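Q: Encoded as structure tokens, here's the structure I'll be asking about.
We did not get these values from a lab; they are worked out from the coordinates using the rules stated. Fair warning: this is a prediction, and the values are worked out from it, not measured in the lab. Note: ideal-geometry Cβ built from the backbone for every residue, glycine included; neighbour counts use all protein chains shown.
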Amino acid sequence: MSGDDLIESLEGIYHIQGRDFVDAGIVSSEVKKSLQGKGIPESIIRRIAVITFEAEINIISYAQQGTIQLFIEPDAVIIEANDMGPGIADIDLALQEGYSTADDSIRELGFGAGMGLCNIKKFSDIFELTSEVGQGTHLKSIVKLNG
Amino acid sequence: MKLSEIRDLLNARVIVGEDKLDVEITTAFGADLMSDVLSFARSGCLLITGLSNPQAVRTAYALDIAAILVCRGKSLTDKFIEIARELGIPILWTRFIMFESCGRLFQEGLTGCIRKTDGTEEKTIVR
Ligand SMILES: Nc1ncnc2c1ncn2[C@@H]1O[C@H](COP(=O)(O)OP(=O)(O)OP(=O)(O)O)[C@@H](O)[C@H]1O
Ligand SMILES: [Mg+2]
């Protein structure tokens, strides 16, 4: 896929401010709305809404700021979450169910069980997570449209 | 079970969704942690929760959850109600605690939307 193709399939770009808990989850709701009425099966839209939700909450919880980009390709939907933040030192550890560094403000919101990244992985057909400590975290999730 | 029956069983108040009381519900999921709801709940279920913030509504919306039952008489903010209206999620409100809410509904035939987190009990579901 060339860069030009990707730009053509860009459906939306959402900016997220770290620690801005009030509207947390709104990106997921907006992404879901924008996917409806396009002939995409409900079950696939649900997976994308959950992936976006978890990625959004992580950016708000742990990073200074970030973006979520949504691409619709003929055969797949791609969710890319990039943030400027502390990064993740040990990705294998972060991917372990139950591992969490969430503080009380995140728990009060109803999050911080250490399930989010596992859940994103579970709902993705292709999952990529890379990070540079002190720089930020990049997450790419591909959900195929044909099963 | 219709949403209206759930309302009656739990002396619940209908906060949002007076027009959706005929919706049929057969399964439920109870949790205060949205992390767990996002990981384990299934579409079409009733979410029983003591978390009455906008994130609970947005979680329900993401998963196509049929309705939210706020238990333990948790106070509701205007913002919570406004977002539930906007996203079309019915809200019931009861003073029963989570255990009582779940127990009474289970007794009347609602089942968990999953049984165990590893899925091992699912094979035995007859219905
Ligand atoms: N974007 C990020 N930047 C920095 N650290 C992150 C980021 N995303 C996740 N982490 C780290 O990885 C840990 C695990 O993340 P994960 O999303 O799986 O669980 P959680 O956010 O702690 O809880 P949950 O997602 O279940 O509400 C986090 O606690 C945090 O330490
Ligand atoms: Mg998380």
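Q: Just grab the label-to-label distance for A:Ile126 and B:Leu21, each label 7 Å out from Cα along the Cβ direction, in nm (one decimal).
A: Computed distance between label sites A:Ile126 and B:Leu21 equals 5.1 nm.
Q: Sticking with this structure for a sec: Just to be sure I understand the curve: with the Debye formula and one point per C-alpha of chain B, what is log10 I(q)/I(0) at q = 0.10, 0.11, 0.15, 0.22 Å⁻¹?
A: Ignoring solvent entirely, the Cα scatterers give -0.27, -0.32, -0.61, -1.38.
Q: What percent of all Cα-Cα pairs in the range B:73-127 falls into each 10 Å bin, going from 0 up to the bin containing the maximum distance?
A: Result, from short to long distances: 18, 33, 32, 16, 1 percent.
Q: Here's another thing I want to ask about it. Between 0 and 90 degrees, rounded to the nearest ten: what's the tilt of helix B:98-107 against the longest Cα principal axis of chain B?
A: Roughly 60 degrees between the two axes.
Q: Moving on to the next point. Once every Cα of the protein assembly as shown carries one equal point scatterer and solvent is ignored, give the base-10 log of I(q)/I(0) from the Debye formula at q = 0.12, 0.13, 0.14, 0.17 Å⁻¹, two decimals.
A: Each listed q corresponds, in turn, to -0.74, -0.86, -0.99, -1.37.
Q: Using a Cα-Cα cut-off of under 17 Å, which lysines could be cross-linked to A:Lys121, ignoring same-chain neighbours fewer than 8 residues away?
A: List returned: A:Lys140, A:Lys144.
Q: Report the residues of the range A:108-138 in range of a label on A:Leu145: point 7 Å along Cα→C-beta, backbone N strictly under 17 Å from it.
A: A:125-126
Q: For B:Lys79, go through the lysines and keep the ones whose alpha-carbon is under 29 Å away, minus same-chain ones fewer than eight residues off.
A: Straight-distance partners of B:Lys79: A:Lys32, A:Lys33, B:Lys2, B:Lys20.
Q: If you build a Gaussian network model of chain A, linking Cα atoms that sit under 10 Å apart, which residue out of A:Ser43, A:Ser29, A:Ser124 swings the most?
A: Greatest mean-square fluctuation among the candidates belongs to A:Ser43.
Q: Provide the three semi-axes, in whole Å and in decreasing order, of the ellipsoid equivalent to the range A:3-144 as defined by the square roots of 5 times the Cα gyration tensor eigenvalues.
A: That gives 24, 16, 15 Å for the three semi-axes.
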